[in-house]
Amino acid sequence: MNLLRIVRLTFEEKYIEDFTKNFEEVKQKIRYFDGCHHLELWQDADNPCIFLTYSHWESEEKLNNYRKSELFGTVWKTTKQWFADKPVAFSSFQKVLVK
């Protein structure tokens, strides 16, 4: 059962380009991290300062391994300096419903 993770990130407008450039540089490393099956970056349609990361993880354990990794530490340290507001994260298990 996949774990779906959505993280809402709000940036100061002057840092949007810095964030998107950095994301482009690290996205493949995150995508190929053990247990990550999918990663997307979305930008809010009404507020260009709000982004969401949408990822699929093999399990909560694999997500937590990423969150404890050197890669995450580096990515998060860089990203958080550009925040305009606290990030908000949501996790849920993907279940297939059969009718």
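The values are calculated or read from the model by the stated rules, or taken from the named source; none is laboratory data. Computed from a prediction, not measured in an experiment: that's the story for all the values here. Positions of Cβ are generated from backbone atoms using ideal geometry, with glycine treated the same way; all protein chains shown enter the neighbour counts.
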Original post:
For H38, are the conditions met, namely being within 14 Å of L3 (Cα to Cα), surrounded by 15 or more Cβ atoms within 10 Å (Cβ to Cβ), in contact with a strand residue (DSSP E or B) (Cβ under 9 Å, 6 or more places away or on another chain) and modelled with pLDDT of 95 or more?
Top reply: no
Subject >> Scope the stretch 38-71; condition of a type in the set (D, E), part of a loop (DSSP other than H, G, I, E, B), over 12 Å from R8 (Cα atoms) and without any contact (Cβ under 8 Å) to a residue 24 or more places away in the chain; matching residues >> reply: D46
**OP:** With respect to L52, determine if the residue is of a type in the set (A, V, I, L, M), within 15 Å of R5 (Cβ to Cβ) and in contact with a Gly (Cβ under 8 Å, 6 or more places away or on another chain).
**Re:** no
Original post:
Within the stretch 1-24, can you find the residues that are out of contact with any Pro (no Cβ under 9 Å at 6 or more places or on another chain), exposed (fewer than 15 other Cβ atoms within 10 Å of the Cβ) and assigned to a helix (DSSP H, G or I)?
Top reply: K14, E17, T20, K21, E24
**OP:** From the list K86, K29, pick out the single residue that is in a helix (DSSP H, G or I) and either in contact (Cβ under 8 Å) with a residue 24 or more places away in the chain or loosely packed, with under 13 Cβ neighbours inside 10 Å (or both).
**Re:** K29
